[in-house]
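K.L.:
Got a structure for you, questions after.
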Amino acid sequence: MQTDLQNSDKNFSIKPKVLIFGGGPAGLRAAWVLAPFCDVHLYEKESMPGRKFLVAGKGGLNLSHYPPPGGMASVYSPPGFMDAVLNKFSLEALLDWMNELGVGVFTGSSGKIFPEKGITPRMVLQAITTSIEERGCTMHTGCSLQSIDSSNSCLIFQNDVRVNLSADYVVVALGGASWPQTGSDGKWTDIFRSHGIKTLPFRPSNCGVNVSWPDNFVLHHAGKPLKNICLSCDEKSSTGEVLITRYGLEGYALYPLIPSLRKMEEERRPLQLKVDLKPVNNAEQLVSRLGLKRAESGNYRQAFGLQPQSMALAKLLTGKNAFENPLLFAGAIKSLALPVLSLRPVEEAISSVGGLALEEVNSDLSLKKLPEVFAAGEMLNWDAPTGGWLIHGCFATGNYVALSILSRLGIISGV
Ligand SMILES: Cc1cc2nc3c(=O)[nH]c(=O)nc-3n(C[C@H](O)[C@H](O)[C@H](O)COP(=O)(O)OP(=O)(O)OC[C@H]3O[C@@H](n4cnc5c(N)ncnc54)[C@H](O)[C@@H]3O)c2cc1C
């Protein structure tokens, strides 16, 4: 892409004007790509761009993730939606970009891509915004998009003053609805509904679940991890660790199963989530470790290698009959049915689904009913597990809408 852009011999005396709304990863990448070629203005509702990006970085900022054997696009749903987008912004493209920004990165043992030690999320954000401004984009904060008309005229509130702006092209990158305190409050849907553009209710993704724990279990085990477990739901399974919380469960082994649980919730079916506390052993292997020892908690814990909280969970979810029969008990702890009540609220989730319906966008991510308006990032109804895929997907869609605009302008050929 760099070569295409650098070789372009188009020289605009008056640069086309592009307005970008939303200063998250999607809007920032779009601004970075467009700024050398267009008169780009980025408008952010909050007092600074990238507040959710900073929150995402609190537990270690995953900028991307090494692709799985099926390729990067296989991680995203619905299948196929990200294929063209990721072709134009692969992991290599992200690494090149970080290098250009002076942000050193490393790959963790789990395949996640992090900024190098000593480089904070704030420093990454600063490197991106400084570079965008150096490339000619003007940033405006405290500016909230209110409406867009069919000739790309945008009404904004700039510190409560109404201002009308005109543009050749508009990029909307307004985010989803999780963590509304960062500015991503999903309150933008009326802007599109007024044009008959379909939006879908926001629902949580990458979130915790409410589980019906007895008070005594919460008292003794909330805050403790369940390590090396395998969770399963429908045909899907996920291994790793979850945290027992006062409301239920949270954690990386749970998040990939949220789409299946969400579907069950939407279909008003009971939420079926099973846990295997010893995924690497079968029941017979476990029983052989018990030898001739009696069927009691201490012996099971020692022989099966269960943490106290795992043992407590096993006792909670197996009947007396199973507990007293080692083979039954060993079988039961490999398939414990967790009493899941519901998903946690969208406001608490790492990400959301819903927002702009995908059938409302063309393949270049412009809106069918507002063809000079392009949409990027989490405001579109796609989904991915957390761990770098979300941020990468947002950068990639921002990149793609920028290339689509450059293509419409004849600066590059096709996207
Ligand atoms: C706790 C947490 C942890 C996370 N961890 C990870 C992780 O480890 N890995 C990963 O890949 N992802 C992670 N994410 C998700 C990731 O941060 C988001 O997917 C990503 O920031 C979405 O980017 P975006 O550009 O689409 O939108 P956002 O980052 O949400 O930005 C949208 C921007 O638009 C602005 N805006 C909204 N309405 C208007 C309006 N009307 N006018 C003007 N501006 C407006 C908002 O203020 C906001 O700044 C995490 C998120 C959270 C909350």
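The values are calculated or read from the model by the stated rules, or taken from the named source; none is laboratory data. All figures in this text were calculated on a predicted structure; none of them were measured in a lab. Every residue, glycine among them, receives a Cβ derived from its backbone with ideal geometry; neighbour counts consider all protein chains shown.
K.L.:
I'd like the full set of residues that are within 28 Å of the chain's Cα centre (by Cα), at negative phi and not charged (D, E, K, R), limited to segment 214-225.
P.N.:
Result: ALA222, PRO225.
K.L.:
For segment 71-104, give me each residue that is buried (at least 18 other Cβ atoms within 10 Å of the Cβ), within 18 Å of the chain's Cα centre (by Cα) and either at positive phi or not aliphatic (A, V, I, L, M) (or both).
P.N.:
Within segment 71-104, TYR76, PHE81, PHE89 qualify.
K.L.:
Moving to a separate point now. Take the conditions more than 23 Å from the chain's Cα centre (by Cα) and of a type in the set (Asp, Glu) and apply them to ASP185. Does it pass?
P.N.:
no
K.L.:
Can you find, within segment 56-70, the residue that is nearest to the ligand (Cβ to nearest atom) among those that are surrounded by 11 or more Cβ atoms within 10 Å (Cβ to Cβ) and farther than 23 Å from ASN87 by Cα?
P.N.:
So the residue we want is ALA56.
K.L.:
Here are LYS278, LYS224: which of them is touching a Lys or Arg at 6+ places or on another chain (Cβ under 9 Å), under 15 Å from GLN309 (Cβ atoms) and of a type in the set (D, E, K, R)?
P.N.:
Answer to the selection: LYS278.
K.L.:
If ILE244 satisfies every condition in (1) over 12 Å from GLY208 (Cβ atoms); (2) in contact (Cβ under 8 Å) with a residue 24 or more places away in the chain but one, which is the exception?
P.N.:
Unmet condition: (1).
K.L.:
When only residues in segment 162-188 that are closer than 26 Å to PRO385 by Cβ and among the aromatic types (Phe, Trp, Tyr) count, which is surrounded by the fewest Cβ atoms within 10 Å (Cβ to Cβ)?
P.N.:
TRP179
K.L.:
Filter segment 319-344 down to the residues that are modelled with pLDDT of 95 or more and either part of a loop (DSSP other than H, G, I, E, B) or within 16 Å of the ligand (Cβ to nearest atom) (or both), then identify the one that is surrounded by the fewest Cβ atoms within 10 Å (Cβ to Cβ).
P.N.:
Going through the qualifying residues, I end up with SER335.
K.L.:
Of everything in segment 189-243 that's among the acidic types (Asp, Glu) and under 23 Å from LEU390 (Cβ atoms), which residue is modelled with the lowest pLDDT?
P.N.:
ASP234
K.L.:
How many residues are free of Cβ contacts under 8 Å to residues at least 60 places away in the same chain and of a type outside the set (Asp, Glu) when one looks only at segment 112-146?
P.N.:
10
Results for (1) surrounded by fewer than 24 Cβ atoms within 10 Å (Cβ to Cβ); (2) touching a Pro at 6+ places or on another chain (Cβ under 7 Å); (3) among the basic types (Lys, Arg); (4) more than 30 Å from SER260 (Cα to Cα), shown as yes or no for each residue.
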position: GLU359; (1), (2), (3), (4): yes, no, no, no
position: GLU372; (1), (2), (3), (4): yes, no, no, yes
position: ALA375; (1), (2), (3), (4): no, no, no, no
position: ASN381; (1), (2), (3), (4): no, no, no, no
position: GLY387; (1), (2), (3), (4): yes, no, no, no
position: ILE391; (1), (2), (3), (4): no, yes, no, no
position: THR397; (1), (2), (3), (4): no, no, no, no
position: LEU409; (1), (2), (3), (4): yes, yes, no, yes
position: SER413; (1), (2), (3), (4): yes, no, no, yes
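K.L.:
Can you find a residue in segment 364-381 that is closer than 20 Å to ARG203 by Cα and more than 16 Å from the ligand (Cβ to nearest atom)?
P.N.:
No.
K.L.:
Okay, moving on. May I ask you to verify whether SER77 is of a type outside the set (A, V, I, L, M, F, W, C) and within 11 Å of the ligand (Cβ to nearest atom)?
P.N.:
Answer is no for this residue.
K.L.:
Quick one: GLY196 ticks every box in (1) without any contact (Cβ under 8 Å) to a residue 40 or more places away in the chain; (2) more than 30 Å from VAL242 (Cβ to Cβ) bar one, so which box is it?
P.N.:
Condition not satisfied by GLY196: (1).
K.L.:
Quick one: CYS230 ticks every box in (1) surrounded by 22 or more Cβ atoms within 10 Å (Cβ to Cβ); (2) in contact with a Pro (Cβ under 6 Å, 6 or more places away or on another chain); (3) not hydroxyl-bearing (Ser, Thr, Tyr) bar one, so which box is it?
P.N.:
That leaves (1) as the condition not met.
K.L.:
Can I ask one more? Yes or no: VAL353 modelled with pLDDT of 95 or more and within 21 Å of LEU243 (Cα to Cα)? Give the steps one after another, and end with the answer.
P.N.:
On the way: modelled with pLDDT of 95 or more: yes; within 21 Å of LEU243 (Cα to Cα): no.
Answer is no for this residue.
K.L.:
Among the numbered criteria (1) within 11 Å of the ligand (Cβ to nearest atom); (2) over 30 Å from SER212 (Cα atoms); (3) in a helix (DSSP H, G or I), which one does GLU347 miss?
P.N.:
(2)
K.L.:
Next question. With closer than 30 Å to GLU250 by Cβ and either β-branched (Val, Ile, Thr) or part of a loop (DSSP other than H, G, I, E, B) (or both) as the only criterion, which of VAL415, VAL401, VAL353, VAL373 stands out?
P.N.:
Working: VAL415 fails: closer than 30 Å to GLU250 by Cβ; VAL401 fails: closer than 30 Å to GLU250 by Cβ; VAL373 fails: closer than 30 Å to GLU250 by Cβ.
Testing whether each residue is closer than 30 Å to GLU250 by Cβ and either β-branched (Val, Ile, Thr) or part of a loop (DSSP other than H, G, I, E, B) (or both) leaves just VAL353.
K.L.:
If you take the residues in segment 147-161 that are in contact (Cβ under 8 Å) with a residue 60 or more places away in the chain and closer than 25 Å to PRO201 by Cα, which one is surrounded by the fewest Cβ atoms within 10 Å (Cβ to Cβ)?
P.N.:
Out of the qualifying residues, it is SER150.
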